[in-house]
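My questions all concern the structure below.
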Amino acid sequence: MQQKSLIVIYNPNARKGKIKEVMPYILQRLSTKFKPCEAVQSKSAEDMIDLARKNAEKYNVVVVAGGDGSIHNVINGVKQSKGRPTLGFLPYG
């Protein structure tokens, strides 16, 4: 069985920036099940939409880490793409 790929798109300001401290642990845990397993931080709401749109076709799973605005942006980005990855949410708002 082919292993699934995963990307985490996160808001670096989530939970007052504390998400950056836990991201290595999150990736370590996820990488036991997903290859490749990567994370990318967004620079703005528009960047988050763009990152989701560009990566929706490359990865089987797109996880967003942030608050309700982050999930909104990632869903909008995925909708603009031809890809239909599984979406995941890590609540860090």
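Considering only the stretch 16-29, I want to know if a residue exists there that is touching a Cys at 6+ places or on another chain (Cβ under 8 Å), open to solvent by less than 50 Å² (accessible area, probe 1.4 Å) and modelled with pLDDT of 95 or more.
So far as the stretch 16-29 goes, yes, one or more of its residues are touching a Cys at 6+ places or on another chain (Cβ under 8 Å), open to solvent by less than 50 Å² (accessible area, probe 1.4 Å) and modelled with pLDDT of 95 or more.
Quickly run through the stretch 33-76 and pick out the residues that are open to solvent by less than 80 Å² (accessible area, probe 1.4 Å) and polar (S, T, N, Q). Write out each step before concluding.
Taking the stretch 33-76 first, the residues open to solvent by less than 80 Å² (accessible area, probe 1.4 Å) are 34, 36-37, 39-40, 42, 44-45, 47-52, 55-56, 59-67, 69-71, 73-76.
Ser42, Ser44, Asn55, Asn60, Ser70, Asn73, Asn76 - these are the residues of the stretch 33-76 that are open to solvent by less than 80 Å² (accessible area, probe 1.4 Å) and polar (S, T, N, Q).
Turning to a different aspect of this structure: If Tyr92 satisfies all but one of (1) open to solvent by 20 Å² or more (accessible area, probe 1.4 Å); (2) modelled with pLDDT of 95 or more; (3) in contact with a helix residue (DSSP H, G or I) (Cβ under 6 Å, 6 or more places away or on another chain), what's the number of the condition it fails?
Result: Tyr92 passes all but (2).
The values are calculated or read from the model by the stated rules, or taken from the named source; none is laboratory data. Model, not experiment: these values are computed from the prediction. Backbone-built Cβ (ideal geometry, glycine too); neighbour counts: all protein chains shown. In case anyone asks, the SASA skips ligands and DNA or RNA and just uses the protein heavy atoms, side chains included. Shrake-Rupley method; radii C 1.70, N 1.55, O 1.52, S 1.80 Å.
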